[in-house]
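Worksheet: one structure, shown below.
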Amino acid sequence: MLILLAGIIIDVDHLWAVPLFDPNRCSIGFHPLHSYWAILVYCILPFFKVTRIIGLALIIHIIADLVDCLLLR
Ligand SMILES: [Zn+2]
């Protein structure tokens, strides 16, 4: 449930972007929730029991986006 929620929260980040979908755009560093300080926060979250699942869900999302970026180059 929490994983689902975290996934939805960070996916909203993609919906804010204009244009909505750009296959040549790297999400990392572009969206507010994909900025480097945000990723830093996600890396800290799993160290706390309460935010562990949500942190991992967010990191998995970031890794997925990162792989997309690497495949583009
Ligand atoms: Zn993303």
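Read-outs: derived from the displayed coordinates by stated rules, not from any lab. Given the structure is predicted, the values throughout are model-derived calculations rather than measurements. Glycine also receives a Cβ, built like all others from the backbone with ideal geometry; neighbour counts cover every protein chain displayed.
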key: Average Cα contact separation per residue, segment 34-73, under 8 Å, 6 or more apart, as relative contact order %   = 32
Mean Cα-pair separation over length for segment 2-72, i.e. relative contact order, pairs under 8 Å, 6 or more apart, % = 36
ask   = Could you give me the ³J(HN,Hα) list for segment 27-35, computed from phi with Karplus coefficients 6.51, -1.76, 1.60 and θ = phi - 60°, whole Hz, x at Gly and Pro?
value = 5, 5, x, 9, 7, x, 7, 10, 6
note = Taking the dipole of segment 2-72 about the Cα centre (Lys, Arg +1; Asp, Glu -1; charges at Cβ), the one of L15, I60, F47 that reaches farthest to the positive side is F47
